[in-house]
Amino acid sequence: MEAINGQFQAVPLPYAKSALAPVISETTLDFHYGKHLRAYLDNLNAALPGSGLENLPLEEIVRKAEGGIFNNAGQVLNHSLYFTQLRACPSAPEVNEPHGPLADAIVREWGSFEKFKQTFQQQGTALFGSGWVWLSADKDGRLAITQEAGAGNPVRHARTPLLTFDVWEHAYYLDYQNRRAAHLSALWQIIDWSVVESRYNGR
Ligand code: MN
């Protein structure tokens, strides 16, 4: 992601704000995308001038920055990946799985897609406090699930981020209150695997 005239922008949503319901309500998106992401962007854009990082792409800033710039840049990158990996909620539950090389790599690592889902969800549920659970790939395409506290992102460990669940309470509290596991389990219906597959194939 590149800044335009020195300003990073909110990633456009590839769906209507009401389209993720009932998994994620329009009200949650209004706050999460419209206010939380907006605040991270405004903080980042205000902090960059004079930092020495202002001409770098976002991923480079996240790799190099520390402190407040890292926190806000990390959250901008994380939310950009999070919001663009989602799709409209189907009217009835349906099979929703990856295909191709990503699906093969998942089976190699976890034995089955179901086992992968269980492990990913368990890591998200068990993460203490605010953070993100990630599926990422190394340069050889080997996959891993990792927990990151705060604004952490696998690019800090030279890995390509593929899929992420936001486990900050602001991501689910209005719809699920304290039931983080119920929220994470519902998210599988609205993952756009074609986006995750292209991140894997383009790494
Ligand atoms: Mn969030």
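The values are calculated or read from the model by the stated rules, or taken from the named source; none is laboratory data. From a predicted model like this one, the values you see are computed outputs, not experimental measurements. Quick reminder, even Gly has a Cβ in these numbers, built from the backbone with ideal geometry, and neighbours come from all protein chains shown.
Some observations on this one:
- Selection within segment 176-185: residues that are surrounded by fewer than 18 Cβ atoms within 10 Å (Cβ to Cβ) and in contact (Cβ under 8 Å) with a residue 12 or more places away in the chain. The member of this set that is nearest to residue 131 (Cα to Cα) is 181.
- Selection from segment 144-169 of residues that are away from the ligand (no atom under 14 Å from the Cβ) and without any contact (Cβ under 8 Å) to a residue 40 or more places away in the chain: 144, 145, 146, 147, 154, 157, 158, 159
- Here residue 16 passes the criteria (1) modelled with pLDDT under 95; (2) out of contact with any Leu (no Cβ under 9 Å at 6 or more places or on another chain) except the one numbered (1).
- Residues in segment 38-60 that are within 15 Å of the ligand (Cβ to nearest atom) and hydrophobic (A, V, I, L, M, F, W, C): 39, 41, 44.
- Screening residue 35 with (1) surrounded by 13 or more Cβ atoms within 10 Å (Cβ to Cβ); (2) within 16 Å of the ligand (Cβ to nearest atom) gives one miss only, at (1).
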